[in-house]
Amino acid sequence: SSGINAEWPLRPGEENKERASKMSIGDRCEARTPKQPPRRGQVMFVGEVEFKDGHWVGIKFDEPVGKHDGVVEGKRYFKCENKYGAFCQPRMVEVGDFPPEMDFSDDEI
């Protein structure tokens, strides 16, 4: 045996492609990128983009913690309000039951 395990560890590009294949537009997600608190949102785009190699996940965050409105370098990948959109590598994104975080700072319900 060559000692190579095809399952693990995947190179980052392969891991991103594998994880991207399990994500769908509309999935709730949480992005966990280095040096930032976890951010919740909705998957708006999955696939390859023109501005970077590999597979990417476009996310519309619940809060204005993103970088753009779904447009990068003049190309629209998805639609959201400015500062609510961002692209993350799929290996930094967990899809699942991530309801919007409730903000209890208001007196209104």
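Structure above, values below:
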{"read-out": "From the options Lys75, Lys60, residue that is modelled with pLDDT of 95 or more, basic (Lys, Arg) and surrounded by 11 or more Cβ atoms within 10 Å (Cβ to Cβ)", "value": "Lys60"}
{"read-out": "Residues being of a type in the set (A, V, I, L, M, F, W, C), under 18 Å from Arg28 (Cβ atoms) and in a loop (DSSP other than H, G, I, E, B) - total across segment 51-83", "value": "3"}
{"read-out": "Segment 59-88 residues that are of a type in the set (Asp, Glu), paired with ones that are crowded, with 19+ Cβ neighbours inside 10 Å (beta carbon under 6 Å, 6 or more apart)", "value": "Asp62/Gly41; Asp69/Cys80; Asp69/Gly85"}
{"read-out": "Hits in segment 13-48 (condition: assigned to a loop (DSSP other than H, G, I, E, B) and either crowded, with 16+ Cβ neighbours inside 10 Å or aromatic (Phe, Trp, Tyr) (or both))", "value": "Met23, Asp27"}
{"read-out": "Top-ranked residue in segment 78-103 [being surrounded by 12 or more Cβ atoms within 10 Å (Cβ to Cβ) and of a type in the set (Gly, Ala, Ser); ranked as nearest to Gly13 (Cα to Cα)]", "value": "Ala86"}
{"read-out": "Residue in segment 59-71 that is of a type in the set (Phe, Trp, Tyr) and in contact with a strand residue (DSSP E or B) (Cβ under 6 Å, 6 or more places away or on another chain) present", "value": "yes"}
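The values are calculated or read from the model by the stated rules, or taken from the named source; none is laboratory data. Only a predicted model underlies this, so the values are computations on that prediction, with no experimental measurement involved. Quick reminder, even Gly has a Cβ in these numbers, built from the backbone with ideal geometry, and neighbours come from all protein chains shown.
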